Amino acid sequence: MNDRRQIRKDPLTGRWVVVTDWSEQDPTLRLDPSTLELGQRVGVVPGAAPIFDRRQRVDRGQDPNGLHQWMSAAGEHEVIYEDHDRGWAELPLDHLTEILIAYRERMRILSDDNRFRQLVLVKRHGQRAGARTSASHAELFALTFVPDELRQRLVAFSGHQRRGGTCVLCDELQALRADRSRFVDETLRHLVYCPWAPTRAFELVIAPKGHHGDFRITADAELSDLGRALQAGLQKIKVALEDPAYRLVLYTAPIEAGADQGHFHWHVLIQPELDWPSALSPVVELCPIPPEVAAARLREVSVE
Ligand SMILES: [Zn+2]
């Protein structure tokens, strides 16, 4: 089997890897905000970069001895772009809310396709975080598999539950009420904090205070409150770190969350791209600033 676009399982690690071919295709995202209709502030470009084959069915296969396992490169990759060139920290709240509602709506639409098992939303701000176009945008992926990074989180959630906890993130939010050392900010419905074991300096988690596993069922009012929490975190990072590039990832439950995954609690991870590389990090994650120090610094920052 030698397809140039395939999802392959690395036999040495057991991790699924998307193998695609950009040697002859320009991977630059094609965005044209001028196609937005009058009054629209958010646009969607499906199939914006040649990573997946949008129309392909899901095929799986393996060598007779199971050494090489693969799936067809079925999947969707949408770019959701915004008609402004500001950062989210400066955007009017109603505009940001409209963007978050667009994310939820596109997720609902993509999850109607029964090929897909997992939605992943990533937003990158600034060139250093790998944004490939200057227009503000996010990328939404519909995957035919649950990626290892998310599976690891699901295992951690179910492990905590088995040890007698309820939801690990609900318990973490509760712990942050007693010990404020990693607390950064809060809105009516969301909490902003520095995680216990971050993999980046000044990493932030933003999570709903109520237990919600699936971002697709978030109500408009909750999204407006989420926008407020995102802006609180991003404004503090912008002031404290002088407008760093960052990467934002939305972790939501698998589309068909079975009984074992129903205890997942969606959350947003924000990772500023700062220049503190460690030789250890490809093998062991290293965070050069303790989250308690980062949180104290961010709490000090006052924003409008
Ligand atoms: Zn929870």
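The values are calculated or read from the model by the stated rules, or taken from the named source; none is laboratory data. The structure displayed is predicted, hence computed values, not measured ones. Heads up, the Cβs are rebuilt from the backbone with ideal geometry, glycines too, and the neighbour counts pull from every protein chain shown.
State which residue pairs qualify: first residue in contact (Cβ under 8 Å) with a residue 40 or more places away in the chain and closer than 18 Å to residue 219 by Cα and inside the stretch 101-124, second residue basic (Lys, Arg) and not in a helix (DSSP H, G or I) in any location, beta carbons under 6 Å apart, and separation of 6 or more residues or different chains.
Qualifying pairs under 6 Å: none.
When the stretch 135-174 is examined, which residues are found to be among the polar types (S, T, N, Q), within 16 Å of the ligand (Cβ to nearest atom) and either under 30 Å from residue 54 (Cβ atoms) or at pLDDT below 95 (or both)?
Restricting attention to the stretch 135-174, the residues satisfying the condition of being among the polar types (S, T, N, Q) are 136, 144, 152, 158, 161, 166, 174.
With within 16 Å of the ligand (Cβ to nearest atom) added as a condition, the list becomes 158, 161, 166, 174.
Selection gives 158, 161, 166.
Going through the stretch 163-199 one residue at a time, which ones are surrounded by 21 or more Cβ atoms within 10 Å (Cβ to Cβ), assigned to a strand (DSSP E or B) and without any contact (Cβ under 8 Å) to a residue 60 or more places away in the chain?
Within the stretch 163-199, 190, 191, 192 qualify.
Assuming residue 210 fulfils every condition listed in (1) assigned to a strand (DSSP E or B); (2) farther than 10 Å from residue 266 by Cβ; (3) within 16 Å of the ligand (Cβ to nearest atom) apart from one, which condition is it?
Going through (1) assigned to a strand (DSSP E or B); (2) farther than 10 Å from residue 266 by Cβ; (3) within 16 Å of the ligand (Cβ to nearest atom) one by one, residue 210 breaks only (1).
Where residues in the stretch 250-304 are of a type in the set (Asp, Glu) and at pLDDT 95 or above, which of them is surrounded by the most Cβ atoms within 10 Å (Cβ to Cβ)?
Taking the stretch 250-304 and keeping what is of a type in the set (Asp, Glu), we get 256, 260, 273, 275, 285, 292, 300, 304.
If we keep only those that are at pLDDT 95 or above as well, we get 292, 300.
On the way: 292: 14, 300: 10.
Selected residue: 292.
Among the residues of the stretch 232-249, count how many are touching a Phe, Trp or Tyr at 6+ places or on another chain (Cβ under 8 Å) and surrounded by 21 or more Cβ atoms within 10 Å (Cβ to Cβ).
Result for the stretch 232-249: 2.
Residue 138 - would you say it is surrounded by 21 or more Cβ atoms within 10 Å (Cβ to Cβ), touching an Asp or Glu at 6+ places or on another chain (Cβ under 8 Å) and aliphatic (A, V, I, L, M)? Steps first, please.
On the way: surrounded by 21 or more Cβ atoms within 10 Å (Cβ to Cβ): yes; touching an Asp or Glu at 6+ places or on another chain (Cβ under 8 Å): no; aliphatic (A, V, I, L, M): yes.
Criteria not met by residue 138.
What about residue 111, is it surrounded by fewer than 20 Cβ atoms within 10 Å (Cβ to Cβ), within 17 Å of the chain's Cα centre (by Cα) and not hydrophobic (A, V, I, L, M, F, W, C)?
Working: surrounded by fewer than 20 Cβ atoms within 10 Å (Cβ to Cβ): yes; within 17 Å of the chain's Cα centre (by Cα): yes; not hydrophobic (A, V, I, L, M, F, W, C): yes.
It is true that residue 111 is surrounded by fewer than 20 Cβ atoms within 10 Å (Cβ to Cβ), within 17 Å of the chain's Cα centre (by Cα) and not hydrophobic (A, V, I, L, M, F, W, C).
Would a scan of the stretch 214-230 turn up a residue that is within 16 Å of the ligand (Cβ to nearest atom), closer than 18 Å to residue 120 by Cα, outside any helix (DSSP H, G or I) and under 15 Å from the mean Cα position of the chain (by Cα)?
yes
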